[in-house]
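Student: Take this structure first; my questions come after.
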């Protein structure tokens, strides 16, 4: 095996580890990349660590503390390329709900000694702190898209990751539209594809786990929901889930709620 393999590092910030588990789920596929990629730093998988710099860093999680804000800058400095993976790293994650609330009040209510807790008032994506070379969306990410990104890195090309909506995946699967057939408030028309339209295939409306698609028209979608009786509180809840901090979803929720 060549010693000229590209070195890969995987880093965790505020997150549930789901995207790293998706990476671990690629164990068989990684065998085909073993001649070109060497996992140098991935503590979720192994305590063996090779010192940087690294050719590629994959970053999961959002920035929620001053320590992490400093750490991501250090990681960027020792990474030739940096790719963020998952809703937390690309949009702030479910923890970005704090961005709409009083974090100090939460600390006082939840913790007996809030003075022990060091946290920022917001949860922000990695791209707000350092230069990011590519963002891979999802909660969690899709294994096939991840392998495409890694292959593109190895071959020095742009990843081929579709930026269209979940609706296109429903069409490819031959799945009936749950919004048309069942009047469900579905996020599919404004949500980035990549999941394979799993939820609509089982008769459940998409809830936007892959974040906003390219150029989403949230207001047109919301108008359609409202014609079927969806109220403002339900609109806000729909747009404030895993990708609440993504600009398009944040703007829509703020326009229809506090």
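The values are calculated or read from the model by the stated rules, or taken from the named source; none is laboratory data. These numbers come from a predicted model, not from an experiment. Neighbour counts are summed over all protein chains in view; Cβ atoms, including those assigned to glycine, are modelled from backbone coordinates with ideal geometry.
Student: I need the helices (runs of 4 or more DSSP H) fully contained in the stretch 64-137, keeping only those with at least 3 residues that are assigned by TED's automatic domain parsing to the domain that holds residue 51, at negative phi and without any contact (Cβ under 8 Å) to a residue 60 or more places away in the chain.
Tutor: 66-77, 103-110
Rundown of residues vs (1) in contact (Cβ under 8 Å) with a residue 40 or more places away in the chain; (2) crowded, with 20+ Cβ neighbours inside 10 Å; (3) not assigned by TED's automatic domain parsing to the domain that holds residue 87, yes/no style:
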residue: 13; (1), (2), (3): yes, yes, no
residue: 18; (1), (2), (3): yes, no, no
residue: 28; (1), (2), (3): no, no, no
residue: 41; (1), (2), (3): no, yes, no
residue: 47; (1), (2), (3): no, no, no
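Student: Separate question: Please enumerate the residues belonging to the stretch 24-38 that are within 23 Å of residue 77 (Cα to Cα) and either in contact with a helix residue (DSSP H, G or I) (Cβ under 8 Å, 6 or more places away or on another chain) or not in a strand (DSSP E or B) (or both).
Tutor: 36, 37
Student: Restrict the check to the stretch 138-154 and report whether at least one residue is closer than 27 Å to residue 239 by Cα, surrounded by 15 or more Cβ atoms within 10 Å (Cβ to Cβ), outside the structural domain of residue 30 (by TED's automatic domain parsing) and in contact with a strand residue (DSSP E or B) (Cβ under 8 Å, 6 or more places away or on another chain).
Tutor: Looking for residues that are closer than 27 Å to residue 239 by Cα, surrounded by 15 or more Cβ atoms within 10 Å (Cβ to Cβ), outside the structural domain of residue 30 (by TED's automatic domain parsing) and in contact with a strand residue (DSSP E or B) (Cβ under 8 Å, 6 or more places away or on another chain), one finds none in the stretch 138-154, hence no.
Here's the yes/no breakdown for (1) surrounded by fewer than 15 Cβ atoms within 10 Å (Cβ to Cβ); (2) in contact with a helix residue (DSSP H, G or I) (Cβ under 9 Å, 6 or more places away or on another chain); (3) in the same structural domain as residue 91 (by TED's automatic domain parsing):
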{"site": "172", "(1), (2), (3)": "yes, no, no"}
{"site": "176", "(1), (2), (3)": "yes, yes, no"}
{"site": "182", "(1), (2), (3)": "yes, no, no"}
{"site": "187", "(1), (2), (3)": "no, yes, no"}
{"site": "190", "(1), (2), (3)": "no, yes, no"}
{"site": "194", "(1), (2), (3)": "no, yes, no"}
{"site": "203", "(1), (2), (3)": "yes, yes, no"}
{"site": "217", "(1), (2), (3)": "yes, yes, no"}
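Student: When you go through (1) out of contact with any helix residue (DSSP H, G or I) (no Cβ under 6 Å at 6 or more places or on another chain); (2) surrounded by fewer than 20 Cβ atoms within 10 Å (Cβ to Cβ); (3) at pLDDT 95 or above one by one for residue 236, which number turns out not to apply?
Tutor: Against the list (1) out of contact with any helix residue (DSSP H, G or I) (no Cβ under 6 Å at 6 or more places or on another chain); (2) surrounded by fewer than 20 Cβ atoms within 10 Å (Cβ to Cβ); (3) at pLDDT 95 or above, residue 236 comes up short only on (1).
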